[in-house]
1. Picking from L182, L69, L156, which is most flexible by a Gaussian network model of the chain using Cα springs under 10 Å?
2. Just the number please: accessible area per residue for the chain, 1.4 Å probe, all protein chains included, in Å².
3. Roughly speaking, to the nearest percent, how much of the chain's 1.4 Å accessible area is carbon and sulfur?
4. First select every other residue whose beta carbon is under 9 angstrom from the beta carbon of E133; then total the charges, Lys and Arg +1, Asp and Glu -1.
5. Report the far tail of the P(r) of the chain, meaning the percent of Cα-Cα pairs longer than 21 Å.
6. How are the alpha carbon pair distances in the stretch 184-228 distributed across 10 Å bins from zero to the largest one, expressed in percent?
7. Just to be sure I understand the model, the point goes 7 Å from the Cα along the line to the Cβ. What's the resulting A152 to D106 distance in nm?
8. How much net charge surrounds N231 when only the other residues with a Cβ under 14 Å from the Cβ of N231 are counted, with Lys and Arg +1 and Asp and Glu -1?
Amino acid sequence: CGTAGLHAALPPETATVRDLNGALVTINTFSQEGSFFLFDVSRAMFRTDAENNALGVIQTFDAAGQSPLNDDFDPTTASSVNNADWSRTAVSVHANAGVAYEYFRDRFDRNSIDGIGGTIYSFYNVNNEDGEEMDNAFWGGRAMFYGNGDRAFNALPRSLDVAGHEMAHGVIQSTADLVYELESGAINESMADIFGYLIEGEAGDHRIGEDVVNGSIYRSGALRNLRDPNNG
């Protein structure tokens, strides 16, 4: 994952726009050569190297229907010509990454996913290898990837607890590095669910993915329920 030629010579910008839930949120953006990018240099982890390349940013990419599993995967940093016409999907992904980052920083003094101020990458509009819509979101080892949903889910970026869950997988990888299979895989998933719930922070709501599931498939109205693990 690269920084798409962006350098940190200019101060950060902000935009107040609507996300997939219709809520007004303020996102951190960056301007360069007359365009604006979802390239957040406002966080405490931000720094530059000797060539003024930005490090420790939150960067959001548009996968444009491509799959990271294909060799020709070529995403672009999400951009706008006026810092106002942002897609709601992009806004949700970028804003949720910021919320999840701040949770780990504020609660645990953790310096980004890797603990050493590494850039946080998110990709939206991700499809399956065959080009079909992806009914999933996942942590891919270095970044978070979000599909737009297909049969079982609506747009995955809509849900903050999904974003928190996926970022937590990255933290787990950088700490315990639990193998993602059998019992250790189950513990990995359970921990990610717990952090997703805590990051979303809705008092009394122990559901995961309630904002994105297709109710005709998930009759309980959620992917999982931490209060009642059999109900999901």
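1. So, out of L182, L69, L156, the one fluctuating most is L182.
2. Working: 11080 Å² over 232 residues.
That works out to 48 Å² per residue.
3. The nonpolar share, carbon plus sulfur, comes to 46 percent.
4. Combined, the nearby Lys, Arg, Asp and Glu give -2.
5. Tail of P(r) above 21 Å: 55 percent of Cα pairs.
6. 28, 51, 21, 0
7. Output for this residue pair reads 3.2 nm.
8. Values: positive: R207, R219, R224, R227; negative: D193, D205, E210, D228.
With Lys, Arg at +1 and Asp, Glu at -1, the neighbours total 0.
The values are calculated or read from the model by the stated rules, or taken from the named source; none is laboratory data. Everything numeric here is computed off the predicted structure, so don't read it as measured data. Quick reminder, even Gly has a Cβ in these numbers, built from the backbone with ideal geometry, and neighbours come from all protein chains shown. Just so you know, the surface numbers come from the protein's heavy atoms only, side chains and all, with ligands and any DNA or RNA stripped out. Shrake-Rupley method; radii C 1.70, N 1.55, O 1.52, S 1.80 Å.
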